[in-house]
């Protein structure tokens with residue numbers, strides 16, 4: 001047995017800090033790239049084409065994230081059994097079955113793919129989508145393999161190397177974008193993404209090569225079909241959830257130039273709120289739940305408690321955009337997003353609030369299915385939700401336009417949440433539904449009261465700033481029972 005140089009608690013905290021810092025670096029630099037797009041290219045056919053292709057990149061990135069959840073347990077067992085190198089190589093071969101055709105299509109069929117993604121948008125949108133897909137798909141596949149390499153290193157209790165790789169990749173990609181954006185235009189963003197993916201993969205892959213590994217893998221022994229089934233089961237739902245967004249993007253393209261860009265920025269803002277709150281809480285709580293065990297009542301308590309904390313933050317942020325969305329958007333993204341465009345984007349963030357509530361529940365519940373090993377029906381749930389969403393999005397487009405598309409996204413995500421809870425525990429559905437409704441109503445009600453009072457007497461920006469402060473004061477003073485119970489639960493859990 002190797003000597004332990006630190007306590008398990010210290011080791012986990014240190015690894016978590018390294019991972020959090022690398023993710024913070026990636027998120028911050030991605031936000032800078034978004035600002036570059038807005039300020040250099042405004043809002044139009046070119047940005048519509050870019051974001052239509054970017055949706056494909058996000059789909060594969062979600063698959064990469066989910067894939068890490070799938071492969072880490074078998075890789076950890078393989079490390080104990082001295083066959084980590086062979087197991088990692090077998091998964092790499094299985095991924096090639098998916099990666100090579102995707103890269104071939106994006107390379108040789110980029111024009112066709114760009115046309116499918118942009119629909120009836122102008123030629124500039126179709127051309128831009130095709131041009132950036134050539135670089136975006138290989139970049140995303142590099143991240144998929146980087147996730148595999150990072151999981152293999154994690155099986156060796158090495159988190160620092162992967163964190164370094166992701167951070168260096170983000171910095172290198174941004175540097176290339178800044179260097180070439182004037183000469184190459186918006187395609188320079190895709191070039192930077194490709195360099196980012198290459199560096200993020202190269203660093204952990206090099207570390208694996210330098211470390212000693214044992215065991216060779218032969219194609220007939222790789223179990224490709226079984227590994228592809230594991231991959232499909234793990235990534236099916238995250239891909240379906242991103243597929244809901246892609247369907248929305250496709251229908252938004254029918255509304256004319258600029259609609260895709262507005263929806264994309266609003267979705268990114270709302271998704272960031274979910275990721276910062278619910279996704280992070282779900283991640284850090286998986287290990288203690290695995291250790292302590294999970295039944296239906298405990299699962300419902302966990303989802304409701306963590307949702308209370310996440311929605312308390314999200315409600316305050318949504319209120320800021322409701323009051324000062326136009327000012328924030330035009331200041332951050334530039335003059336192309338001033339006036340009616342900025343107001344529309346701010347309203348879209350508010351319209352996405354029901355989706356934030358449902359997505360919060362999904363982000364917290366999804367990891368629990370892996371804790372209790374009930375993932376077999378996830379592909380069926382994802383496929384059913386995606387089929388339903390096509391009909392809902394079409395109806396929303398016809399009835400309300402862009403707000404209708406957003407409403408369809410929320411409704412489909414609610415269906416996914418109900419399905420996840422049913423797979424977890426049928427008893428949990430009613431409990432979680434009531435708990436989420438209570439959290440949303442209390443947090444939303446306090447936020448609405450805080451901002452509405454100040455909006456009557458102040459300009460939007462000061463009303464938003466002071467309203468957020470008042471909202472925090474009200475939460476601290478009233479201390480809603482659900483929020484108190486949630487805080488106590490999370491403290492006891494950790």
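Where a number appears in this text, it was derived from the coordinates with a stated rule and is not lab data. Just so it is clear, the model here is predicted, and its values are computed rather than measured. Using ideal geometry, Cβ is built from the backbone for each residue, glycine included, and neighbour counts are taken over all protein chains shown.
Points to keep in mind about this one:
- Helical contribution to [θ] at 222 nm, DSSP H n ≥ 4, -39,500 (n - 2.57), averaged over the chain, rounded to 500: -30000 deg cm²/dmol
- Taking a ≥ b ≥ c as the square roots of the eigenvalues of the alpha carbon gyration tensor, the stretch 89-212 is oblate, as a/c is not under 1.5 and a/b does not beat b/c.
- Peptides 353-364, 373-384 ranked from most to least packed, by the mean per-residue count of other Cβ atoms within 10 Å: 353-364, 373-384.
- Put the Cα centre of the stretch 143-182 next to the Cα centre of the stretch 399-445 and the gap is 34 Å.
- FRET efficiency, residue 298 to residue 275 (Cβ-Cβ, R0 35 Å, nearest 0.05): 0.90
- Rounded, prolate or oblate (a/c below 1.5 giving rounded, otherwise prolate when a/b exceeds b/c) for the stretch 238-494 by Cα gyration tensor: oblate
- Here the peptides 447-460, 303-316 are ranked by packing, the mean other Cβ count within 10 Å, and the order with the highest first is 303-316, 447-460.
- Overall, the anisotropy analysis places the chain in the oblate class: the square-rooted eigenvalues a ≥ b ≥ c of its C-alpha gyration tensor yield a/c not less than 1.5, with a/b not exceeding b/c.
- Structural descriptor for the stretch 445-494: relative contact order 35 percent, calculated from alpha carbon pairs under 8 angstrom and at least 6 residues apart.
- For a label point 7 Å along the Cα-to-beta-carbon line of residue 332, residues of the stretch 296-313 with backbone N under 19 Å: 311-313
- A simple spin-label model places the labels of residue 82 and residue 398 6.6 nm from each other, with each point 7 Å out along Cα-to-Cβ.
- Burial order of peptide ranges 230-239, 397-406 (average beta-carbon count within 10 Å, highest first): 230-239, 397-406
- Linear extension gain, residue 178 paired with residue 120, 0.36 nm per residue minus alpha-carbon span: 17.7 nm
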